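Shown next, in structure tokens, is the structure this report addresses.
The values are calculated or read from the model by the stated rules, or taken from the named source; none is laboratory data. All figures in this text were calculated on a predicted structure; none of them were measured in a lab. Cβ: placed from backbone, ideal geometry, glycine included. Neighbour counts: every protein chain shown.
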Amino acid sequence: MIKFFRKIRQKLLSEKKFGKYVTYAIGEIILVVIGILIALQINNWNEERNDRRLEKEYIARLKGEMLKNLESSTDQILYSSFQIENVDKILNALSGDTVNSNPEPLAVAIEHVGWLNSVSYVNDVWNELINNGNIRLLKNDSLRDNLTSFHSRMIVVLNNHEEWNGHNLGYRRLAGDILDPQIREQIALNLVPVRYEGHLTNLPTQQYLVNKLESLEGLNGYLADIKMGQRTNILFFEGLIDKIEETIKICDNELKK
């Protein structure tokens, strides 16, 4: 009987030690799991912090890019307005509405209407975001939507702009010989896309220039198309400017956070 109780006692002690071991092992596992979870959370925090830092860097660069596009769009409107003004000078001279003893404004108009203006469109940062997949870093939906809309619309505007330029080229081929090459060179030295600052001498009379213009077949059609194209450009770029300014405002708000 005594031996029987001793065996029972030893068995209980053995089971008790095993229970302690299981408890200890479970505790160790829990600690390891907690450590892994903490490490993962820290890693997520670090990644999130790096993403936000990179996002702000991209937003700052995007803002700079949009400021350049704003300047370019504004210049295009000034150019289009100046070219419309010069088309009107030619049309008014042809209609006899203006008789000017100084032929310089008409000569400048004849030269400038044949000019083309290249739109400076900047999209390097945007292309980088699209190509490397970092567009995901831009958390602001409005910012992403505005940028997508602007760049999509800009492609359409540039294509239309290129198409309208064909009328200027046609006019240039038609009217390129009206002015003497030396006079054209003198005008070009003082003519920028949006204004003229100069003074010419030894110009032919305005009537001579009008007679030369009247001898050009199809001139009025080119002038009408150029004026229509530049008016369209103004409308397009005014719309782009609204989108650009809205996007810059969103960028500023994001950079302040």
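Residue-by-condition table, conditions (1) assigned to a helix (DSSP H, G or I); (2) more than 24 Å from the chain's Cα centre (by Cα); (3) of a type outside the set (Ser, Thr, Tyr); (4) closer than 17 Å to GLY239 by Cα:
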{"site": "ILE84", "(1), (2), (3), (4)": "yes, yes, yes, no"}
{"site": "ILE90", "(1), (2), (3), (4)": "yes, yes, yes, no"}
{"site": "ASN102", "(1), (2), (3), (4)": "no, yes, yes, no"}
{"site": "GLY114", "(1), (2), (3), (4)": "no, yes, yes, no"}
{"site": "SER149", "(1), (2), (3), (4)": "yes, no, no, yes"}
Of (1) exposed (fewer than 13 other Cβ atoms within 10 Å of the Cβ); (2) modelled with pLDDT under 95; (3) not β-branched (Val, Ile, Thr), PRO103 satisfies all except one. Which?
(1)
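Quick check on region 108-135: of everything there that is free of Cβ contacts under 8 Å to residues at least 60 places away in the same chain and under 29 Å from ILE183 (Cβ atoms), which residue is surrounded by the fewest Cβ atoms within 10 Å (Cβ to Cβ)? Full working, then the answer.
Step one: list which residues in region 108-135 are free of Cβ contacts under 8 Å to residues at least 60 places away in the same chain, which gives 109, 116, 118-124, 127-128, 130-133, 135.
The next check asks that each one be under 29 Å from ILE183 (Cβ atoms); those that pass are 109, 116, 118-119.
Numbers: ALA109: 22, LEU116: 15, SER118: 11, VAL119: 17.
Per the criteria, the residue is SER118.
To keep it simple, each residue is scored yes or no on (1) of a type in the set (Val, Ile, Thr); (2) closer than 15 Å to ALA109 by Cα; (3) free of Cβ contacts under 8 Å to residues at least 12 places away in the same chain; (4) surrounded by 16 or more Cβ atoms within 10 Å (Cβ to Cβ).
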residue: HIS167; (1), (2), (3), (4): no, no, no, yes
residue: GLN186; (1), (2), (3), (4): no, yes, no, yes
residue: THR201; (1), (2), (3), (4): yes, no, yes, no
residue: SER215; (1), (2), (3), (4): no, no, yes, no
residue: GLY218; (1), (2), (3), (4): no, no, no, no
residue: LEU223; (1), (2), (3), (4): no, yes, no, yes
Suppose the filter is in a loop (DSSP other than H, G, I, E, B) and of a type outside the set (Lys, Arg); does ILE234 pass it?
no
Which numbered condition in (1) surrounded by fewer than 18 Cβ atoms within 10 Å (Cβ to Cβ); (2) under 30 Å from GLN207 (Cβ atoms); (3) among the hydroxyl-bearing types (Ser, Thr, Tyr) is the only one that SER152 fails?
(2)
Hey, among the residues in region 62-93 that are under 16 Å from LEU219 (Cα atoms) and surrounded by fewer than 18 Cβ atoms within 10 Å (Cβ to Cβ), which one's modelled with the lowest pLDDT?
ASN92
Single residue of LEU191, LEU209, LEU138 found to be touching a residue at least 24 places away in the same chain (Cβ under 8 Å) and under 30 Å from LEU62 (Cα atoms):
LEU138
Given (1) of a type outside the set (S, T, N, Q); (2) surrounded by fewer than 18 Cβ atoms within 10 Å (Cβ to Cβ); (3) at pLDDT 95 or above, number of the condition ASP97 does not satisfy:
(3)
Please determine, by comparing only the residues of region 152-205 that are among the basic types (Lys, Arg) and not in a strand (DSSP E or B), which one is farthest from the chain's Cα centre (by Cα).
ARG184
For residues that are closer than 25 Å to HIS112 by Cα and among the polar types (S, T, N, Q), scanning just region 206-257, find the one that is nearest to the chain's Cα centre (by Cα).
ASN233
Does ILE178 satisfy the condition of being in contact with a strand residue (DSSP E or B) (Cβ under 9 Å, 6 or more places away or on another chain), buried (at least 18 other Cβ atoms within 10 Å of the Cβ) and either at pLDDT below 90 or within 26 Å of ASP225 (Cβ to Cβ) (or both)?
no
